[in-house]
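Pasting a structure below so you can have a look.
The values are calculated or read from the model by the stated rules, or taken from the named source; none is laboratory data. Because the structure is predicted, anything quoted here is derived from the model rather than measured. Positions of Cβ are generated from backbone atoms using ideal geometry, with glycine treated the same way; all protein chains shown enter the neighbour counts.
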């Protein structure tokens, strides 16, 4: 898909999403970004997008609310005339030790990591099906950002992993529902931008468990997303790990 002049919605843009928005703007894409609490960051990113000569839109929304999700998609189409791609990037990642789990932990993780991207994808997909095809013969693309750990879970993040596992299943099912007009894929990163709450020792432990022996960078995931947007129109129903080898479960230093 030729990205120039296209309109792409990124849900969440505080860290990795902001970097993706600027990469897309450099390719001539009009970018919409949603925020729930990070208004200043998203509005600053939107200004940087417009400084690159394209249009931008910052939307305040709780996408777990179906009315707000539907309204978000409608705002994108009102502003840009169509929605060519959705990148479901907004997420919450928080440690939840098993013995102290509460129903509120489950509700929060499901709302942010499954319910919100579900509503965004359904409403975006429905509107995509109603619009004309582009030069690639498609009506749109949806890319979900999941997590490598859903296939090899680790401790202390049960509701998060459950939610991301549901997102993986949604990706597969949605690819069937929307074919052949809309492609649906998933990127499954490991740690590419550590949350501020992560301690130095925790970061060191992650690197020690990574065969490539380093942290990933936002561009590592974003370049894969760009490939799925502009590099191929023949991928759907696929999930792509970008985890430095974490899924392999191999100690990179070779100790027992």
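Criterion first (touching a strand residue (DSSP E or B) at 6+ places or on another chain (Cβ under 9 Å), modelled with pLDDT of 95 or more and within 12 Å of residue 85 (Cβ to Cβ)) does residue 138 satisfy it?
yes
Can you name every residue in the stretch 101-155 that is in contact with a helix residue (DSSP H, G or I) (Cβ under 7 Å, 6 or more places away or on another chain), touching a residue at least 40 places away in the same chain (Cβ under 8 Å) and not in a helix (DSSP H, G or I)?
Within the stretch 101-155, 101, 139, 140, 141, 142, 143, 144, 146, 147, 151, 152 meet the criteria.
If a residue must be in a loop (DSSP other than H, G, I, E, B), in contact with a helix residue (DSSP H, G or I) (Cβ under 9 Å, 6 or more places away or on another chain) and either over 24 Å from residue 135 (Cβ atoms) or modelled with pLDDT under 95 (or both), how many such residues does the stretch 222-256 contain?
Here the count works out to 5.
Can you pull out every residue in the stretch 27-43 that is part of a loop (DSSP other than H, G, I, E, B) and without any contact (Cβ under 8 Å) to a residue 12 or more places away in the chain?
37, the sole residue that qualifies.
Then there's this: Tell me, which residue of the stretch 202-222 that is without any contact (Cβ under 8 Å) to a residue 40 or more places away in the chain and touching a strand residue (DSSP E or B) at 6+ places or on another chain (Cβ under 7 Å) is nearest to residue 245 (Cα to Cα)?
216
To keep it simple, each residue is scored yes or no on (1) farther than 22 Å from residue 135 by Cα; (2) touching a strand residue (DSSP E or B) at 6+ places or on another chain (Cβ under 9 Å); (3) free of Cβ contacts under 8 Å to residues at least 60 places away in the same chain; (4) outside any strand (DSSP E or B).
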{"site": "17", "(1), (2), (3), (4)": "yes, yes, no, yes"}
{"site": "45", "(1), (2), (3), (4)": "yes, yes, yes, yes"}
{"site": "48", "(1), (2), (3), (4)": "yes, yes, yes, yes"}
{"site": "54", "(1), (2), (3), (4)": "no, yes, yes, yes"}
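Looking only at the stretch 84-108, how many residues end up being more than 16 Å from the chain's Cα centre (by Cα) and closer than 30 Å to residue 1 by Cβ?
0
Looking only at the stretch 169-192, count how many residues are surrounded by fewer than 18 Cβ atoms within 10 Å (Cβ to Cβ) and either in contact (Cβ under 8 Å) with a residue 60 or more places away in the chain or part of a helix (DSSP H, G or I) (or both).
Going through the stretch 169-192 one residue at a time, the tally reaches 5.
Next up: Before we move on, is residue 42 within 20 Å of the chain's Cα centre (by Cα) and over 26 Å from residue 166 (Cα atoms)?
Taking the combined requirement at face value, the residue satisfies it.
For the stretch 29-41, does any single residue satisfy the condition of being over 27 Å from residue 232 (Cβ atoms) and at pLDDT 95 or above?
no
Of the conditions (1) surrounded by 24 or more Cβ atoms within 10 Å (Cβ to Cβ); (2) at pLDDT 95 or above; (3) not in a helix (DSSP H, G or I), residue 24 satisfies every one except a single condition; which number is it?
So residue 24 meets the others, but not (3).
Another question about this same structure. Which ones in the stretch 78-100 are in a helix (DSSP H, G or I) and either farther than 19 Å from residue 29 by Cβ or touching a residue at least 24 places away in the same chain (Cβ under 8 Å) (or both)?
Scanning the stretch 78-100 gives 79, 80, 98, 99, 100.
Can I ask one more? Among the residues of the stretch 156-168, which ones are at negative phi and not in a helix (DSSP H, G or I)?
157, the sole residue that qualifies.
Tell me, which residue of the stretch 3-15 that is more than 15 Å from residue 135 (Cβ to Cβ) and surrounded by fewer than 24 Cβ atoms within 10 Å (Cβ to Cβ) is modelled with the highest pLDDT?
15
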